[in-house]
1. Any lysines with Cα under 22 Å of the LYS60 Cα? List them, leaving off those in the same chain fewer than 8 positions away.
2. Set Lys and Arg Cβ to +1 and Asp and Glu Cβ to -1, take the dipole of segment 1-150 about its Cα centre, and tell me which of ILE80, TYR28, ALA16 lies farthest positive.
3. Let me have the 222 nm mean residue ellipticity of the chain computed from DSSP H runs of 4+ only, each contributing -39500 (n - 2.57), with the sum over all residues rounded to the nearest 500.
4. How about LYS136: which lysines have a C-alpha closer than 19 Å to its C-alpha, ignoring those fewer than 8 places off in the same chain?
5. Excluding residues on the same chain fewer than 8 positions from LYS104, give the aspartates and glutamates whose Cα lies under 17 Å from its Cα.
6. Tell me, what is the 1.4 Å probe accessible area of HIS35, in Å² to the nearest 10?
7. So what does the Cα-only Debye profile of the chain read at q = 0.17 Å⁻¹, as log10 I(q)/I(0), no solvent term?
8. Quick one: net charge of HIS192's neighbours, Cβ under 13 Å, K/R +1, D/E -1?
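The values are calculated or read from the model by the stated rules, or taken from the named source; none is laboratory data. The shown structure was predicted, so the numbers you read here are calculated from the model rather than taken from an experiment. Every residue, glycine among them, receives a Cβ derived from its backbone with ideal geometry; neighbour counts consider all protein chains shown. Heavy atoms of the whole protein, side chains included, go into the accessibility calculation; ligands, DNA and RNA do not. Shrake-Rupley method; radii C 1.70, N 1.55, O 1.52, S 1.80 Å.
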Amino acid sequence: MENKNIKQTAVGQIVADEFATARVFRRYGIDFCCHGNTPLAEACAQAGIDVDTVIGELSKGAQTNGGGIPFASWPLDLLIDYVLKIHHRGIREKGPGLLSLIRKVREAHGANHPELYEIDELMHFSLEDLENHLQKEENVLFPYLYELFEAAREGRRISPMHCGSIANPIRVMTQEHKNEGERYLYIQRLTHDFQVPEDACASYRLMLEELAEFMNALFEHIHIENNILFPRFIEIEREVVR
């Protein structure tokens, strides 16, 4: 892609085309998940970064990382399976243990690091909100997306979703993604980009590592849905819904 064109390409689309570029955007603090529709030039301007420098890093990152996982090339039903079995399952399996670890560290280090109390509260409410979010995807949106996929694959038409269009639940899911993305970016700022304090014990270090991993997994989840699944299923709905 030529530099002139890539500057006007949405950052979410850049990552959808070449997932290895996500590392570059994370390093420069460019949100390709919740604000994936922002053109690269505008995103760089907002972050106060030279766009040509970022383009150079994007090119280098794609070449050295072998392209990463090619999510955009996967069949859409496989992509939903991946979200369910990797991301939904991962949140439920790892979230409670991470919250317990945060509370353990808070009890030991809260006096010197009062931000741990806020991180505890943020994580607690995040897990509650995420569980509600996952249930809406599993019980409302995803079952119909599977129906859309099968209808498109078999070349037949189906009735509209009970709520009129998938655009309605997708609008809700996207807003909830935005809320969670902002919450974890705030946690990232509270921890100074997950830097380990000088007085940190092994549990503190582990907490920061797991918190960063949890956030990165969540952002991959949001990216897959916002930048790949949702736009492509909106196109499919136009083709197969009678």
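1. Cα-Cα hits under 22 Å: LYS4, LYS7.
2. Of the candidates, TYR28 comes out farthest on the positive side.
3. Working: 12 runs with 162 residues, N = 242.
Helices in the chain give a 222 nm mean residue ellipticity of -21500 deg cm²/dmol.
4. LYS85, LYS178
5. Of all the aspartates and glutamates, those that pass the test against LYS104 - Cα under 17 Å, at least 8 places apart if same chain - are GLU115, GLU118, ASP120, GLU121, ASP199, GLU209, GLU210.
6. In the full protein context, HIS35 sits at about 80 Å².
7. Result of the Debye calculation: -1.28.
8. Working: positive: ARG189; negative: GLU115, ASP193, GLU198.
Here the count lands on -2.
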